[in-house]
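To start, the structure itself, in structure tokens.
The values are calculated or read from the model by the stated rules, or taken from the named source; none is laboratory data. Just so it is clear, the model here is predicted, and its values are computed rather than measured. Glycine gets a Cβ as well: all are built from the backbone with ideal geometry, and neighbour counts include every protein chain shown. Only protein heavy atoms, including side chains, enter the accessible area calculation; ligands, DNA and RNA are left aside. Shrake-Rupley method; radii C 1.70, N 1.55, O 1.52, S 1.80 Å.
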Amino acid sequence: METIGYILLVLAAVNLVFTLMPFVRSDYWTFRIFDFPRLQKLVLSTATLVLMCCFYQDHLAYQAGMILLFVNCIFLLKIIVPYTFLYPVWVKKARNIKEENCVSLVVSNVFQDNTAYRECVETLLAADADIVLLLEADQKWKENVSRLEDIYPYRIHVPLDNTYGMLFYSKLPVRNESVHYQVEEDIPSIFCQLQLPSGIWVQLYCLHPAPPSPTENLRSTERDQELLLTAEKVKEQKLPVIVMGDLNDVAWSYTTELFLKMSGLLDPRIGRGFYNSFNARTPLMRFPLDHVFISSHFEHIRIKRLPNFNSDHFPIYAKYHYNPVAEKTQESLEPTAEDREIAQEKRNAV
């Protein structure tokens, strides 16, 4: 076999290892980080397979490599297709819209060291959402986006200088607001209830768990715990629910799927698109890390990515319509016995 054949076999092996790494049920960041680049892995695997076809060599190992790489591409495509228009939508599009039952939201990780305060405010004013959640916001951010307070009378501020501060703004009346430190003592979550113009109350959970990384938490344990503890609260909730925030996890990871199963929430992006929010500065390495999950009481109106204002995240805008009938036609995922066991283990992990 020629040198080019050996090189392509090595590339094929690397692609396969990248795909298999997330199957290792370890919380260490070295494994969990491979949950993220599924689209990138598909592109790389497809390019390698095309090259192997172009430089085909009649050797058993080479042929086996091509077959395995083809299977790998099919597997990755299966994971990605649900986040394209080729897949049926999970959350139905709203038809008979009543504005008094609508709620619009923006979630934006502002990047704490960013100083583009004016651009941020202008972007948010243009979006004109009912709810705004700013993440990684410290005291400087709170002071420099104070113009928002003229428009948003209801506010919950937790400015911190550890990149986990939160600034919450609402045009809608708020009650039962509280700040929780569910897992880590310096990472807050905001819980509150919003009243739609129609009088309907909605339970909102705002999250920003730490990612698994060599500079944050070496394991995903804390992130997974926060998601699953929130899922437990959602499941017990009688009101319609929205969960929003930078969850530091991609939409297609096992942990996010487990969160959706345990909470009964829906992902409106299914059948619509990726809406990658991070990294805004690196087009080839973008992932959907900023999420808005909803209960089956809501129908979809719009979701879009807003212009970046020098942050490493794009803001995400979403608008939904409350319809009590929708709950009967939109089914959530059901956890298996194994899912429940894994969720319990993660919640109890130390």
Self-check item: The lone exception for R118 - which of (1) over 27 Å from E327 (Cβ atoms); (2) in a loop (DSSP other than H, G, I, E, B) it fails
Solution: (2)
Practice problem: Spot the failing condition for N248; the list is (1) within 22 Å of Q112 (Cα to Cα); (2) of a type in the set (S, T, N, Q); (3) surrounded by fewer than 20 Cβ atoms within 10 Å (Cβ to Cβ), and only one is missed. | Solution: (3)
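What residue, among those in the range 149-176 that are in contact with a helix residue (DSSP H, G or I) (Cβ under 8 Å, 6 or more places away or on another chain) and within 18 Å of V103 (Cα to Cα), is surrounded by the fewest Cβ atoms within 10 Å (Cβ to Cβ)? It would help to see each step written out before you state the result.
Just the residues of the range 149-176 that are in contact with a helix residue (DSSP H, G or I) (Cβ under 8 Å, 6 or more places away or on another chain), to begin with: 151, 155, 157, 159, 161, 165, 167, 169.
Add one more test, that the residue is within 18 Å of V103 (Cα to Cα), and what stays is 151, 155, 169.
On the way: I151: 13, R155: 15, Y169: 22.
Of everything passing the filter in the range 149-176, I151 is surrounded by the fewest Cβ atoms within 10 Å (Cβ to Cβ).
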Exercise. Please find, within the range 179-205, the residue that is farthest from S104 (Cα to Cα) out of those that are open to solvent by less than 10 Å² (accessible area, probe 1.4 Å) and outside any strand (DSSP E or B).
Key: I187
Quiz item: Just one of V234, V174 is out of contact with any Gly (no Cβ under 6 Å at 6 or more places or on another chain), over 19 Å from K319 (Cα atoms) and modelled with pLDDT of 95 or more; which is it?
Solution: V234
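This table checks each residue for (1) under 25 Å from L284 (Cα atoms); (2) open to solvent by less than 40 Å² (accessible area, probe 1.4 Å); (3) out of contact with any Phe, Trp or Tyr (no Cβ under 9 Å at 6 or more places or on another chain).
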site	(1), (2), (3)
T3	no, no, yes
A13	yes, no, yes
F34	yes, no, no
T48	yes, yes, yes
D58	no, no, yes
Y62	no, yes, no
I79	yes, yes, no
F85	yes, no, yes
Exercise. Would you be able to tell me the number of residues in the range 261-291 that are under 21 Å from L228 (Cβ atoms), open to solvent by less than 10 Å² (accessible area, probe 1.4 Å) and touching a Leu at 6+ places or on another chain (Cβ under 6 Å)?
Key: 1
Practice problem: Please specify each residue of the range 99-115 satisfying the condition of being touching a Pro at 6+ places or on another chain (Cβ under 9 Å) and either open to solvent by 20 Å² or more (accessible area, probe 1.4 Å) or in a helix (DSSP H, G or I) (or both). | Solution: E99, E100, N101
